[in-house]
Amino acid sequence: MQSPHSYGAAAIKRVRPRWELADVLHLHGEAFLRSHPQPLHHLKIMRAISACRTPVLGGHVVCCGNCGFQKQAYNSCRNRHCPKCQSLVKAKWLEARTAELLPVGYFHVVFTLPHALNPIILCNKALMLKFLFDATAKTLGQFARDPKRGLGGKLGFIAVLHSWDQKLMDHFHIHCLIPAGVLSKDGQRWIHARTDFLFPVKALAQVFRGKYIALLKNAFIKQQLIFPGRTASSGTSAGFSEVIAQLYQKNWVVYCKPPFGGPRKVLDYLARYTHRVAISNHRIKAINDHGVTFSYRDRRDGDKTKVMTVAPHEFIRRFLLHAIPTSFMRIRHFGFLANRSKKHDLQLCRELLGLPIPLPDTPPISNQERLRELTCRVPPTQTPLRPTYLDPGSAPSARSYYSLFLISSIFGPRIRPFNL
């Protein structure tokens, strides 16, 4: 009789993509770094993705005491830029959000920065992206508090930063998931929004533009911005004034989707945007000495799926455009969902909406059990799989083409590849 655990290995083997982002770095990373020196933060990202689920990071053997099944697995890098390491983190995050859903409609609103700002953003990423969150929160908060807009209370929402378009170019925008209603200023009632309309997007865009530019001007006055290389001309008073004038002339884009019903649909929708990286391994179709071919959806042609090929160095350059600054939070909560007030405000919202008091938190399940529930690839057994951890480099190669030379040649002997 076949062990129930063997079904999991077979399923995983079937869905594994032929090419991965790690393959691009393995084949072209060394040459890219010789011609394009990178900051330490980018080196760490490349190192982590290259070493993910290989002997470099060590491994473990999972054993079943019931049937004797054993399977060797290599450790993951758990880097937030790695396309192989987001599923479990995303599932746990979404599970925590389940208890925060309210029985109301939810709007999806997107705030986008004009591409004219991209060169300055790339040189001041942490500060400029913080301004994006701040301007978004101030804009939505101002509209929610204004009784003339039909609400007049405290809004709550989740904001997720994305920095890419389908072709891996820089395209900085925030996805906001917003409950259709607010908590009144006195905390005594829930004020429902219209079922088909939240705020006028043109007015949102104008206020958003004004608030972001105000933050940008203030940072320039305080000399918090840097303008290296080709952005040097924008660092002068005249050059910066010209940039501001161009920003005022542009129509900033704010997009709002109509609400979708049901908590399950909300979570499924949210899962599309949280814990995503610039490109998934399944989109990479081919890699050779001359280019990397990947698929993309053409928004201007009816969302048709197409393929494009770029030079390997250009592909790596585009991917690194989306490196998130160290310690930067790309998923944030605001209003009555903000961490500092969520416990009180969210419970108050539930009471005002007539929801039952939630049950006490249950003990969190293990990563292994969560992965089993999510993938359904390994049928439940009476005996849990017990992991035994191996030392880095003690197991045979995970992939025939993987070479430890990649790690040492790119990052040097002083940096231990398995010490992330």
**Request:** Give the peptides 157-163, 67-73 in descending order of average Cβ contacts within 10 Å, highest first.
**Result:** 157-163, 67-73
**Item:** Karplus-derived 3J(HN,Hα), 6.51/-1.76/1.60, for each residue of the range 72-88, Hz, glycine and proline x
**Value:** 8, 9, 9, 6, 8, 7, 6, 6, 6, 9, 7, x, 8, 10, 9, 4, 5
**Asked** Can you list the aspartates and glutamates whose alpha carbon is less than 16 Å from that of Lys125, not counting same-chain residues fewer than 8 positions off?
**Response** Asp134, Asp170
**Item:** Percent RCO, i.e. relative contact order, over the range 64-212, from Cα pairs under 8 Å lying at least 6 residues apart
**Value:** 24 percent
**Request:** Express in whole angstrom the spacing between the alpha-carbon centres of the range 38-107 and the range 145-176.
**Result:** 27 Å
**Request:** Can you spot the aspartates and glutamates whose alpha carbon is less than 19 Å from Lys92's alpha carbon? Ignore those fewer than 8 places along the same chain.
**Result:** Glu100, Asp268, Asp361, Glu369, Glu373
**Prompt:** With labels modelled as points extended 7 Å from the Cα through the Cβ direction, what inter-label distance (nm, one decimal) is found for Ala203 paired with Ala286?
**Reply:** 5.3 nm
**Request:** Give me the number: length gained by fully extending Gln246 to Lys265, i.e. 0.36 nm times residue separation minus the C-alpha to C-alpha distance, one decimal in nm.
**Result:** 2.9 nm
**Message:** Among the listed pairs Lys44/Lys71; Lys84/Lys285; Lys90/Lys257; Lys148/Lys343; Lys185/Lys342; Lys130/Lys343, which have their C-alpha atoms separated by more than 19 angstrom in this model?
**Reply:** Lys44/Lys71; Lys90/Lys257; Lys148/Lys343; Lys130/Lys343
**Item:** Paramagnetic label zone (point 7 Å from Cα along Cα-to-C-beta, Arg80; backbone N under 17 Å) in the range 35-56
**Value:** 41-46, 48-49
**Request:** Starting from the Cα of Leu353, step 7 Å along the direction of its Cβ; do the same at Val61; then give the gap between the two resulting points in nm.
**Result:** 5.0 nm
**Fill in**
Sorted on mean Cβ neighbours within 10 Å (highest first), peptides 41-52, 16-27, 217-228 come out as 41-52, 16-27, 217-228
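Any read-out appearing in this document is the output of simple, stated calculations on the displayed coordinates, not a laboratory observation. Remember, it's a predicted structure, so these values are computed and weren't measured experimentally. Ideal geometry is used to build each Cβ from the backbone, glycine not excepted, and the neighbour counts take in all protein chains shown.
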